[in-house]
Every structure is written in structure tokens, then in C-alpha cells.
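Below is one structure, written out as C-alpha cells; comments come after it.
The values are calculated or read from the model by the stated rules, or taken from the named source; none is laboratory data. The structure displayed is predicted, hence computed values, not measured ones. Cβ coordinates were reconstructed from backbone atoms using ideal geometry, including for glycine residues, and neighbour counts include every protein chain displayed.
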Amino acid sequence: MALEDLEEAGVTLPRDQWGKREVRSAVHKPLFLVDVALAVASAVLMYFGNGRFLTWLGAVLFIIALVGTTALALHATSIQGRRRARTQPDKARP
Amino acid sequence: MSQVATQPTVRGEIGLARNLSLFDVTMVGVGAMIGAGIFVLTGIAAGPAGPALILAFALNGVVTFLTAMVYAELGSAIPEAGGGYLWIKQGLPAWNGFLAGWMSWFAHAVAGSLYALGFGAYLAFVLQGFGLAPSLVPEEHLAKMLAVVIALVFIGVNFKGVSETGKVGNIVTLGKILILAVFIVSGMAAIFRHPIYLEKFTPFATGGITGVLTAMGLTFIAFEGYEIIVQAGEEVKNPKRNIPRAIFLSLAIVVPIYMLVAFTALGAVNPGTDQPTWQWLAEHAELGLAEAARQFMPFGATLLLVGGLFSTMSALNATTFSSTRVSFAMGRDRDLPEMFARIHERTQTPYLALVASGGLIIFMAVAIPIADVAAAADVMFLLLFLQVNIAIIVIRKRYADKLDYGFVMPFHPVLPAINIGLIAFLALFMFHFSAIAWFFVIGWMVAGVLLHRFYAFPREREEVLTPVVLHEKPAVQPERFRVMVPIANPKSAQTMIDLAARLARPLNGQLVLLHVGTVPPQTPLTSGRRALERMRPAVDKAVEIADALELESESIVRLAHEPWRAIVDTVEDHEVNFVVMGWRGRTRARETMVGRNIDKVLKYTNCNVLVVQQRAPVPAKRILVPVFEPRSASLLVSVGRLLVNESDAESRLTVFHVLPPKVSDVQRDARLGAIAESLEKPGLFDPPDAQISLEQERIELKSTKAANVMRSIVTRTHDADLLIVGSSRANWLKRTVVGRKPYRIARRSACPVIMVSPETHGVRFSMQTFFQFFREEPER
């Protein structure tokens with residue numbers, strides 16, 4: 001399988017745009033790191049809480065981290081869509 | 001009766017309507033994840049983890065979220081129905097694509113076995129509850145028997161082509177969520193009515209870290225399913241935006257549900273003895289959740305059983321369907337025998353693929369216990385996700401600036417690398433829980449590798465990549481030394497075949513005469529079949545030359561967009577030992593060392609290659625063989641001995657060694673002694689016990705001291721008729737720094753040149769090819 005297969009499938013950018021796009025994540029990195037750290041910390045709390053208060057605190061924090069990460073990822077898809085609209089107006093919508 | 005689907009659907013001719021909204025596609029993901037896994041595995045996984053099952057679900061959520069990001073990125077950039085299988089094909093060496101399909105087939109079939117066993121257990125529970133269980137069948141066998149029956153039923157259902165789709169699927173998914181929601185709410189109400197129940201969670205991690213990891217591995221299959229969102233990509237409205245969103249939303253819905261189910265199942269049950277709840281759940285294994293529901297949920301057992309039965313049935317239907325389609329697609333792509341691609345005329349379903357997949361489902365369900373079935377499916381899915389995580393790294397490196405992303409993963413490649421580590425660890429850890437599962441997985445993978453090596457890849461080459469349109473061979477073809485001559489220019493055919501015959505004759509070898517019909521890149525290879533008639537005279541002439549030399553030969557005509565592809569494929573298909581290629585003596589492009597085709601053949605084949613300049617005289621009177629080290633002298637001199645003109649008493653083969661200027665006489669004698677010793681050993685074309693005399697073979701050993709090795713050799717070529725030089729196919733660093741020397745000598749030589757490139761050790765060659773794949777864009 002090679003690049004021609006992707007071109008044939010119509011999933012590549014037009015050839016004149018190759019190399020011109022910077023592939024950059026739209027996910028807010030500092031907040032993402034905070035979320036990941038929160039998820040790890042909450043897992044540690046759950047384990048060492050031994051079924052008492054800290055375990056439940058960890059579980060709640062974990063859900064918050066999960067929701068936060070999901071929100072960041074969803075927001076990133078919107079930003080990515082806007083970037084695509086700027087650079088490739090005809091392809092930004094299906 | 002049946003027909004074989006040989007032509008894949010032409011892209012673009014049939015388009016699917018984009019009518020799945022974000023809600024619909026999210027429900028597809030949620031429905032696929034909340035399958036039978038949560039119903040069947042909660043009780044089983046409670047055993048090793050204890051109350052920390054909640055933590056196991058949370059940590060599985062983390063691992064899954066990381067892989068989900070990979071799926072979101074690749075699914076938004078390459079939203080093709082193949083999903084992970086396609087990305088693995090794009091991002092990893094070719095055999096991984098086959099292996100991904102092979103593993104996917106097994107993973108879905110084994111998941112089907114798990115769901116069939118889950119259904120069997122649930123139905124046996126119902127029958128026993130109503131006193132309807134047949135008395136003749138032992139209790140422990142009833143569930144397995146019912147599993148076989150339901151598997152047969154769904155093989156029949158799939159044969160008729162019935163599948164659960166569209167709005168019905170949404171209703172079923174919402175029904176499952178509703179049952180679990182009632183389970184959670186009633187369980188939490190019970191816990192809050194009796195706050196003392198919270199003490200059941202202490203101690204929390206009864207099995208320690210090991211228990212948590214085991215439960216993670218066991219329940220991982222319950223988190224598999226979001227990848228189906230990508231497979232529905234061609235039907236999704238605004239896929240670049242909605243595919244990643246649906247993946248993340250479905251996980252954000254499912255992970256908390258699983259944690260809450262575990263919380264209520266562990267907290268709301270009153271076993272009535274001192275036995276911890278987790279032990280009670282583990283004792284009830286796949287029926288743990290139903291037994292728990294009986295205690296605190298209105299119509300609990302009934303509702304849970306209904307939910308469990310429906311979930312296991314819909315999951316079994318889906319996995320029977322998907323495993324059948326995977327094996328069907330592999331049959332159509334010629335990765336499996338074509339019978340897998342046979343479609344029943346009346347039902348239009350791939351019935352033989354269905355029988356094979358159904359057989360696998362039933363075998364696994366009957367052969368091993370349910371926990372081991374779950375572990376085998378988990379390991380297989382983990383390994384599939386592992387490959388996808390590797391593929392994203394390669395695809396980003398290779399195609400990132402050429403793809404249109406709807407979502408880009410942050411911290412690349414650190415996050416995929418971390419995920420690879422986590423998944424690999426989890427998969428390996430499952431050995432600790434179920435060695436049987438790993439044995440089945442390893443057995444299946446080894447079978448896959450062998451099938452690819454000896455069946456799928458040779459067929460793909462011969463029929464698709466570089467099709468063979470003519471193959472005339474001797475009636476009997478014993479294991480023989482094969483010398484191949486790709487004939488590009490009929491004018492030089494005589495010289496090339498004559499030279500090849502000199503190599504073949506000492507070992508009673510056979511000639512392989514290859515003609516390549518080159519087809520322009522934009523033209524389908526099938527259109528080249530017409531070229532066969534035009535090539536026929538050249539083919540016949542080559543056979544005549546070989547016959548005149550009294551050597552057995554076989555003729556092959558292959559079609560290819562580039563000749564080197566046909567040469568490489570023929571070397572592999574026919575186990576060629578030596579390739580003799582013609583060379584114009586100059587290169588057109590600066591980036592090539594010898595010529596594009598020769599460079600590629602040297603790069604992608606592992607056999608001895610002889611590159612002959614077109615004006616090279618065969619035999620020759622004065623042959624010069626520069627030797628850089630004793631190790632490389634043997635093959636060069638062996639070839640040189642076959643090319644010496646025996647009828648001319650003056651003929652000589654001069655082995656020439658250039659020493660550094662400061663080398664002492666003692667050192668020089670030692671070096672020359674080593675070379676002479678290596679030349680006196682039997683070479684490739686000699687019997688193993690042959691005694692080689694340098695004098696009898698007309699070999700003279702000469703040396704000189706010089707600072708500039710190349711200039712010294714080139715000067716020497718003025719007194720020779722033929723230069724035989726060894727060419728390197730070492731790794732890229734060695735080739736860049738020193739390996740170009742033979743090519744430069746060849747280009748500056750005053751006499752015609754033959755370059756000999758020896759084969760390398762198989763393992764070394766495989767390693768080089770493997771790493772080469774990740775350094776540069778693949779061409780094969």
C-alpha cells in the first residue's frame with residue numbers, strides 16, 4: 001500500500017497543497033496535561049483510598065477528568081474545522 | 001449454485017447516503033460497546049479485582065481514550081470503511097495488513113464465542129428458574145449446548161442475510177442503556193437506604209495491582225466497539241467533524257456507566273452471609289449481574305436477563321456478521337482461498353465464509369472455558385489496537401502533510417508510544433491470567449504468518465501485483481540451482497544467457513528467462529496482456545539460445561509498471577539463486593547508483609546478483625578482481641574463474657589487493673596469505689571437497705601500496721579486459737560512507753565491468769528490510 005492508494009481513495013489533499021499545511025493539534029495542551037494528571041491522581045486516590053472517602057473522591061475526580069478531556073477533544077474538532085475552512089473553504093463542509 | 005465475488009465495488013460508482021447524524025453515529029458506538037461484555041464479564045472480573053473493579057473500568061477508560069484519539073485522528077483523515085485494517089495496511093509492512101485481517105477474523109469470532117456462551121448461561125438460568133431444564137443434560141453442559149444452538153441459529157440468520165440496522169439498532173441500544181440505568185438507580189437507592197453497604201468496598205483492591213490488571217485485561221473487550229463508528233464513516237454527515245466527536249462522546253457515556261454498574265453490583269447486594277460481595281459476584285460468574293439485579297431491582301432478574309439475552313444475541317449476530325465479512329474480504333483479496341468469497345445465489349451471502357466463521361465460533365465456545373474465551377478475545381483486540389497505534393506514528397511521519405485532518409492528536413508521538421507500552425503490557429499480562437488464551441492467540445498468529453508466507457503473498461504477486469501471463473517450464477522441476485536472466489534487450493540476450501549458463505552449468509542448474517511487459521503507471525496491468533503476442537518472438541529466441549547451450553530453462557512473462565518489481569517477485573516466487581542483469585554502463589539519474597531497476601533489485605532481493613556491462617567480453621583473457629578483504633574474495637573469484645577464457649593459455653585472473661602505504665612487509669605477507677588461503681577453499685560453484693590450486697586455475701595474486709585505493713585500481717584496469725568488482729548492499733550508513741566505492745570504480749574503469757553483489761544472511765536482510773520500511777516510503 002502506498003500513497004497512490006490513498007490518492008485513489010480520494011482522501012488526500014489536492015497535490016498543489018501537499019507540504020503546505022502544518023499538522024498541529026488543536027487540543028489545548030496545558031489543559032489536556034492537567035486533565036491527564038487529574039485522571040492519574042484520581043486513580044491513585046481510588047486505589048489507596050481503600051474503599052473510603054478518598055476512593056470516592058478519586059472516582060468523582062476521574063469522571064470530572066474524563067468529561068474535561070472529552071470537552072477539550074470536542075472543542076479541538078471545532079477549532080480544526082475552522083482551520084480547514086480558512087485554508088480550504090470548499091472542503092470544510094461535506 | 002454459487003458465484004465468486006472477484007471484483008470489488010468500483011469506488012464512486014455506488015455511493016452511500018450520508019444520513020447518520022452525530023446522535024445516530026454516537027449511538028452506533030455506544031451500542032457496540034454496551035454489548036454483552038458488561039453483562040457477562042462484570043461477575044467474572046469481580047473475582048480477581050474485588051471492589052477495585054471500578055478502578056479497572058476507569059483505567060481501561062484511560063487506555064481506551066488514548067486509542068480512541070488515534071481512531072479519531074485517522075478516522076477523520078482516512079474515513080474508509082476498512083478502518084483499522086486499512087490503516088495498518090498503510091502504516092506497517094505488507095504482511096501486517098494480512099495479519100490484521102487474520103487477527104480481526106479470530107477476534108470477532110472469539111468474541112462471538114463469548115457472547116454465545118453468555119447467552120447459553122443466561123438461558124440456562126431462565127430454564128432452571130422455571131424448572132424447564134432437561135434433566136438428562138448435566139447442569140454444567142447445558143449452557144454450552146445452548147451456546148452451540150444459538151450460534152447455529154445466528155449462522156442461519158446470517159445466511160438469510162438478516163442484520164440489525166438503522167433505527168432498530170438505536171432502539172435496542174437505548175433499551176440496553178435504560179435497563180442498566182434502572183439497575184444503577186435501584187442499586188444506588190439500596191446503597192443510600194443502607195449506608196453501611198459502603199463498607200463492602202473496604203478492603204478495596206483485594207487482589208492488589210495484579211487483580212486490577214487482570215480485570216482490566218478481562219473486561220477490555222467491553223470497551224471495544226467505538227471503532228465501528230469509523231467503519232460507518234461513509235454514511236456520516238460531516239464525517240471530519242462528527243466521527244471524532246462521536247468517538248469521544250460514546251466513551252464519555254460508556255465509561256461512567258460501567259463504573260456505576262460495578263459500583264451498584266458490588267455495593268447493593270446482600271449475600272446474606274459473611275462472604276464479601278465481590279466473591280459472591282465472582283461465584284456467579286457470567287450470571288453475577290443478573291443475580292445482583294434479582295436482589296434490589298424491580299423485576300430485576302427478569303429485566304437483566306432480558307437485557308442480557310438481547311445484548312448477547314445482538315452481539316453474537318454482529319460478531320458473526322463481522323467475522324464472516326472479514327474472512328469474505330480476505331477471500332476476495334486472495335488472502336484466503338477463493339471459496340471464502342463464494343456468494344450464495346439465492347441469499348447473496350458469503351456462505352462458505354459464514355460456515356468457517358461459525359465453525360470457529362462453535363469450536364472456541366466448546367473447547368475452552370468462558371473466562372479463557374474472554375481472555376483470548378481481549379488479547380487479540382489488544383494486539384490489533386497495538387498495531388493501529390504503531391500505524392499512526394508511521395502514517396503521521398509519511399503522509400501528514402498530504403492528509404486533511406478533522407482531529408489531530410496532541411503530543412504525538414509520545415501518546416501513541418505510551419499507549420503502545422500500556423497495551424503491550426496489558427496483553428502480556430493476560431498470560432498470567434490465561435496461558436491457554438495466549439496459546440490459542442500465538443497458534444492463530446503463527447498459522448497466519450505461515451499462510452501469508454506460503455499462500456497469500458505468492459498468490460497476490462502472481463495474480464495482482466505483477467501478474468504472470470506466460471509460464472513455460474520443464475515437466476519435472478526438482479530443487480535446483482536457478483540462475484535468472486531478465487531479458488530487457490534482445491540484442492544482448494545471447495551474451496547474458498551465455499554468461500548465466502556458465503554460472504548454472506557447474507551446479508547442474510537451470511535458467512529462468514524472464515521477460516517483463518512494462519505497462520504505463522496510469523494503465524491497468526490487465527491491459528498489458530495484449531503485449532504477450534508482441535513479446536512472443538523474443539521469448540522463443542531466448543529459449544532457442546538456452547536450448548543451444550543444452551541447458552534446461554523456463555520462460556516467464558510478467559506484467560509490471562516497473563521492471564524491477566517483476567524481477568523481485570520472480571526471485572521470490574521461483575527461489576532464484578543468482579540474477580544476471582544487463583547494465584548500460586552509465587546512470588541517468590544522480591540519485592541512482594547503478595540504475596533504477598538494478599538499485600531496486602539489489603535493495604529488495606536477497607540473492608546473488610551479477611550486473612554485467614553490455615560490452616563485457618565473455619569469456620575474457622585478462623580479468624582483474626580487486627579484493628578489499630579476504631571474506632569478500634571468494635564469490636568474486638569463483639565467478640571470475642568461470643569467465644576465464646580456457647582456450648587461451650595466456651588467460652589470467654588477477655586478484656588485486658591495495659594496501660595502505662605504511663603497511664610493513666610482514667603485515668603485507670600476512671594479508672596476502674589470508675586472501676590466498678580464502679581462495680584455496682571451495683567456492684560457490686565447486687564441490688565441497690574440491691582442492692583449489694591457484695596456479696591451475698590461472699589465478700595470480702598481486703598487491704600494491706597506495707594511499708588512493710580507487711585511483712590505483714582504476715589505473716590497473718588499463719591492462720585488463722574485464723573488471724569484476726564486488727558491490728555492497730550493506731546498511732545505509734555503511735553504504736553512504738564506504739559502500740559507493742565499487743560503483744565509482746565501475747564507472748571510471750577503462751575496461752568493461754561485472755559487478756557481483758552477494759546475498760546476505762536471511763535474518764540480517766529481513767531486519768534491514770523491516771527498518772527500511774520505517775525510514776522511507778514503501779515501494780512494494
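Values as computed for the structure displayed
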{"item": "Residue check for B:ILE420: touching a helix residue (DSSP H, G or I) at 6+ places or on another chain (Cβ under 6 Å), under 16 Å from A:SER25 (Cβ atoms) and not aromatic (Phe, Trp, Tyr)", "result": "no"}
{"item": "Among residues of segment B:623-665, those that are at pLDDT 85 or above and in contact with a His (Cβ under 9 Å, 6 or more places away or on another chain), counted", "result": "2"}
{"item": "Residues located in segment A:1-38, provided they are in contact with a Phe, Trp or Tyr (Cβ under 9 Å, 6 or more places away or on another chain), within 7 Å of another protein chain (Cβ to nearest Cβ) and either surrounded by fewer than 16 Cβ atoms within 10 Å (Cβ to Cβ) or not in a helix (DSSP H, G or I) (or both)", "result": "A:LEU3, A:THR12, A:ARG21, A:VAL23, A:SER25, A:ALA26, A:VAL27, A:LYS29"}
{"item": "All helices (runs of 4 or more DSSP H) inside segment B:412-495 with 1 or more residues being within 21 Å of the chain's Cα centre (by Cα) and modelled with pLDDT of 90 or more", "result": "B:414-433, B:435-451"}
{"item": "Qualifying residues in segment A:39-80 (those that are under 19 Å from A:ARG24 (Cα atoms) and at the interface with chain B (Cβ under 8 Å from one of its Cβ atoms)) - the one surrounded by the fewest Cβ atoms within 10 Å (Cβ to Cβ)", "result": "A:SER78"}
{"item": "Search result, residues across segment B:639-656 that are small (Gly, Ala, Ser) and closer than 16 Å to B:VAL612 by Cβ", "result": "B:GLY640"}
{"item": "Any hit, segment B:430-440, residues being touching a Ser or Thr at 6+ places or on another chain (Cβ under 8 Å) and either in the same structural domain as B:MET535 (by TED's automatic domain parsing) or among the aromatic types (Phe, Trp, Tyr) (or both)", "result": "yes"}
{"item": "Residues of segment B:271-291 satisfying the condition of being farther than 19 Å from B:GLY211 by Cβ, of a type outside the set (Ser, Thr, Tyr) and out of contact with any Ser or Thr (no Cβ under 8 Å at 6 or more places or on another chain)", "result": "B:GLY272, B:ASP274, B:LEU287, B:ALA290, B:GLU291"}
{"item": "The listed residue being within 14 Å of another protein chain (Cβ to nearest Cβ), out of contact with any strand residue (DSSP E or B) (no Cβ under 8 Å at 6 or more places or on another chain) and surrounded by fewer than 24 Cβ atoms within 10 Å (Cβ to Cβ), out of B:PRO93, B:PRO138, B:PRO51", "result": "B:PRO93"}
{"item": "Any hit, segment B:174-193, residues being farther than 30 Å from A:VAL44 by Cα, in a helix (DSSP H, G or I), free of Cβ contacts under 8 Å to residues at least 40 places away in the same chain and away from chain A (no Cβ under 14 Å)", "result": "yes"}
{"item": "Unmet requirement for B:LEU352, which otherwise passes all of (1) touching a strand residue (DSSP E or B) at 6+ places or on another chain (Cβ under 6 Å); (2) not in a helix (DSSP H, G or I)", "result": "(2)"}
{"item": "The lone exception for B:VAL168 - which of (1) at pLDDT below 90; (2) within 14 Å of another protein chain (Cβ to nearest Cβ) it fails", "result": "(2)"}
{"item": "Residue match in segment B:286-298 (condition: more than 30 Å from B:ALA52 (Cα to Cα), in a helix (DSSP H, G or I) and in the same structural domain as B:VAL261 (by TED's automatic domain parsing))", "result": "no"}
{"item": "Criterion violated by B:SER678 - all others in (1) in contact with a Lys or Arg (Cβ under 8 Å, 6 or more places away or on another chain); (2) part of a helix (DSSP H, G or I); (3) within 21 Å of B:VAL753 (Cβ to Cβ) satisfied", "result": "(3)"}
{"item": "Any hit, segment B:683-700, residues being exposed (fewer than 15 other Cβ atoms within 10 Å of the Cβ) and not in a loop (DSSP other than H, G, I, E, B)", "result": "yes"}
{"item": "Considering residues of segment B:397-408 that are surrounded by fewer than 23 Cβ atoms within 10 Å (Cβ to Cβ) and over 11 Å from A:ARG21 (Cβ atoms) only, the residue farthest from the other protein chains (Cβ to nearest Cβ)", "result": "B:LYS397"}
{"item": "Selection count where residues are of a type outside the set (A, V, I, L, M, F, W, C), in a helix (DSSP H, G or I) and either more than 26 Å from B:PHE159 (Cα to Cα) or not assigned by TED's automatic domain parsing to the domain that holds B:LEU426 (or both), scope segment B:355-386", "result": "2"}
{"item": "Residue list for segment B:237-262, restricted to those being at the interface with chain A (Cβ under 8 Å from one of its Cβ atoms), under 24 Å from B:MET216 (Cα atoms) and either touching a residue at least 60 places away in the same chain (Cβ under 8 Å) or out of contact with any helix residue (DSSP H, G or I) (no Cβ under 8 Å at 6 or more places or on another chain) (or both)", "result": "B:PHE248, B:LEU249, B:LEU251, B:VAL255, B:MET259"}
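To keep it simple, each residue is scored yes or no on (1) part of a loop (DSSP other than H, G, I, E, B); (2) modelled with pLDDT of 85 or more; (3) within 12 Å of chain A (Cβ to nearest Cβ); (4) surrounded by fewer than 24 Cβ atoms within 10 Å (Cβ to Cβ).
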residue	(1), (2), (3), (4)
B:GLY29	no, no, no, no
B:THR42	no, yes, no, no
B:ALA81	yes, no, yes, yes
B:ALA107	no, yes, no, no
B:SER113	no, yes, no, no
B:GLY118	no, yes, no, no
